Amino acid sequence: MPHTKDRSGGPGKGRPGRWPALGVLVLAVLLVAVDATVLGLATPYISEDLAPSGTQLLWIGDIYSFVIAGLLVSMGSLGDRIGRKRVLLYGATAFGAVSVLNAYATTPETMILARALLGAAGATLMPATLALIRNLFHDPRERSLAVGIWGATASAGTAVGPILGGFLLEHFWWGSVFLINLPVMAVLVLVGVKLLPESRDPSPGPWDLPGVLLSMVGLVGVVYAVKDAAAHGPGWASLAAALLGAGALCGFVRRQLTLPAPLLDMRLFRNRGFSGAVLADLLTLFGLAGLVFFLSQYLQLVQGRSPLEAGLAELPAAIGAVAAGLVAGRAARRFSVRSVVSGGLAAIGLALAALTTIGQSTGYPLLGAALLVVGIGAGFAFTVTADVILTGVPGEQAGAASAVSETAYELGAALGIALLGSIVTGVYRDFTGPAGTPAAAHESLGGATAAASSLPAPTAEAMLDAARQAFVDGLTLAAGVGAAVLLAAAAAAWFLLRGQRLEDGTGESAETAGDTAGAGHP
């Protein structure tokens, strides 16, 4: 594919055809968002059909995030070198193909492998889309709107995914939820070939393969260590993984500091706004992801909703995120970056705190209101942090910077599912059932539901009630931890993003504007 070198443009200028091109880019975002949400709905069915252990079920949930977190920086840097359009279209094709493997997995091990391969393909998509937005839109206000649309599409995907997935789960087998990726992928590739311009660093230097391996081993090793220690307690396996991961990450950083053309320019982290936005993203996903992963199971297996009803029940979060994302840039310019980001994160934290009061029969008004506030807070915070990250780097480094942002998302999600998910699983496994409760019932709530069908009615009812209450107890404890993390993230963002402002069309960067005019903002 032919490529066009990155072009700079002054305020008010932009590449012709940029808005139709944005339409193609958000299809890739939709692809990833839909896939992430349908897994939660399909989990009870996967659990019943493939009979994974509790540990395998967590691997199915978080292996995608592990792999994608390990490869995002490498894939973002690869896009900067060989072309972001090329990486995006090849990655979308692979994403669709691997979705078929997910759909037809027949064992827990096959499903885990398929999710890992999907993570490798998914690592190509998000950095490329954000980097192309950075190079398509030169006017700061247009770019903020484009980033808002990008984020709103991801939120819309979280709404469409559960509803469409719920419909498919009610009428077809669970594998069908992964096949919905195929038509989106086909449209993205066929239209993207025509509409997307190529963009890459005009002087990229060689791709650092040893750095790729070090970053992959480092991130996966550290995350695995946390997951293993959370699930089974500290041990030799988790210690070895932690040491291996930490050593690899240290080697990666040292190597990047000495290379003339590094995979990741470590000097980016000297920008306080960039570092603060990345940290805020990581902590937010950590606090949210584990809870969200188990929420669909709560709605279905505890409250007895159908998959479609569960999808509709989660809709307020997406509505709030879409609405907030579209006005977040304007709000950040009207008030300040740190006010909008910190306020959004604090709102999420308070909503999670409200969820610590839920029980088996909690009414929908509380759940719906909490989800709406979570969506609004996330829409404001994530849109503004993405804009800060994009505007804090030169255009030729947009892929690597976007990859750092996405790595924070995925690493936070993986750690959140590992730690908060382990809290839910640990509390659940300790429930006391009636005599005759099978061991499989203690592995997962889906396992208990499946086991109940072979027990006498009184025993099954007593076992399910105990299992559901234990699941709710674990969920509320995880919500409390998540709330504390989000409130801490809000405080951190308030200090780290002090003085940061979005570009206003005068050519000032977020860092410059913050340094020169930040004193007038809270």
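Taken together, the values in this text are just the output of simple stated rules run on the coordinates, not laboratory data. Here the structure is a predicted model, which is why all the values come from computation and not from measurement. FYI the Cβ positions are ideal-geometry reconstructions off the backbone, even for glycines, and counts take in every protein chain you see.
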> Counting Lys and Arg as +1 and Asp and Glu as -1, what is the net charge of the other residues whose Cβ lies under 13 Å from the Cβ of Gly122?
Replying inline: -2
> For Ile423, what charge total do you get from the other residues with a beta carbon under 13 Å from its beta carbon, if Lys and Arg give +1 and Asp and Glu give -1?
Replying inline: 0
> Which length gain, in nm to one decimal place, applies between Glu48 and Leu243 when the Cα-Cα distance is subtracted from 0.36 nm times their residue separation?
Replying inline: 66.6 nm
> Considering only Ile60, Ala457, Ala324, whose Cα is most displaced toward the positive end of the charge dipole of the chain, charges sitting on Cβ of Lys, Arg (+1) and Asp, Glu (-1)?
Replying inline: Ala324
> Suppose every K and R has +1 on its Cβ and every D and E has -1 on its Cβ; what is the size of the dipole of the chain about the Cα centre, in Debye to the nearest 20?
Replying inline: 1560 debye
>> Run the helix sum for the chain: -39,500 (n - 2.57) per DSSP H stretch of 4+ residues, divided by residue count, reported at 222 nm to the nearest 500 deg cm²/dmol.
In response: -26000 deg cm²/dmol
> Using unit Cβ charges (K, R positive; D, E negative) and no other charged atoms, how large, in debye to the nearest 20, is the dipole of region 209-367 about its Cα centre?
Replying inline: 700 debye
>> For the chain, take the longest principal axis of its alpha carbons; what is the angle in degrees between that and the long axis of helix 18-50, to the nearest 10 within 0 to 90?
In response: 20 degrees
>> So if each residue of separation counts as 0.36 nm, and I subtract the Cα-Cα distance between Arg254 and Arg267, what length gain in nm does that give?
In response: 3.5 nm
> In degrees, nearest 10, range 0 to 90: what is the angle between the Cα axis of helix 125-136 and the longest Cα principal axis of the chain?
Replying inline: 30 degrees
>> With the crude spin-label approximation of a point 7 Å out along Cα→Cβ, what separation in nm comes out for Ala457 versus Ala435?
In response: 2.2 nm
> Taking neighbour counts of Cβ atoms within 10 Å as a proxy for exposure, in what order, fewest first, do Met75, Met216 appear?
Replying inline: Met216, Met75
>> Given the options Ile46, Val481, Val424, identify the residue whose Cα lies farthest towards the positive end of the charge dipole of the chain (+1 on Cβ of Lys, Arg; -1 on Cβ of Asp, Glu).
In response: Val481
> Where in region 167-186 is the amide nitrogen less than 18 Å from a point lying 7 Å along the Cα-to-Cβ axis of Thr106?
Replying inline: 173-176
> How much net charge surrounds Pro316 when only the other residues with a Cβ under 15 Å from the Cβ of Pro316 are counted, with Lys and Arg +1 and Asp and Glu -1?
Replying inline: -1
>> How many angstrom lie between the Cα centre of region 429-462 and the Cα centre of region 75-153?
In response: 41 Å
>> Taking loop as defined by DSSP and a crowding limit of 15 other beta carbons within 10 Å, which chymotrypsin sites (Phe, Trp or Tyr not before Pro) in region 140-173 fit?
In response: Phe172, Trp173
> Across the Cα atoms of region 209-258, what radius of gyration and what greatest pairwise Cα-Cα distance (Dmax) are found, in Å?
Replying inline: 11.6, 39
> At a Förster distance of 41 Å, what's the computed FRET efficiency of Leu179 paired with Ala484, Cβ-Cβ distance as r, to 0.05?
Replying inline: 0.55
> Which of Ala114, Gly447, Ala408 sits farthest toward the positive end of the charge dipole of the chain, with +1 on the Cβ of Lys and Arg and -1 on the Cβ of Asp and Glu?
Replying inline: Ala408
> Helix 209-232: angle to the longest alpha-carbon principal axis of the chain, degrees 0 to 90, nearest 10?
Replying inline: 30 degrees
>> Among 287-300, 18-31, how do they line up by average Cβ neighbours within 10 Å per residue, starting with the highest?
In response: 287-300, 18-31
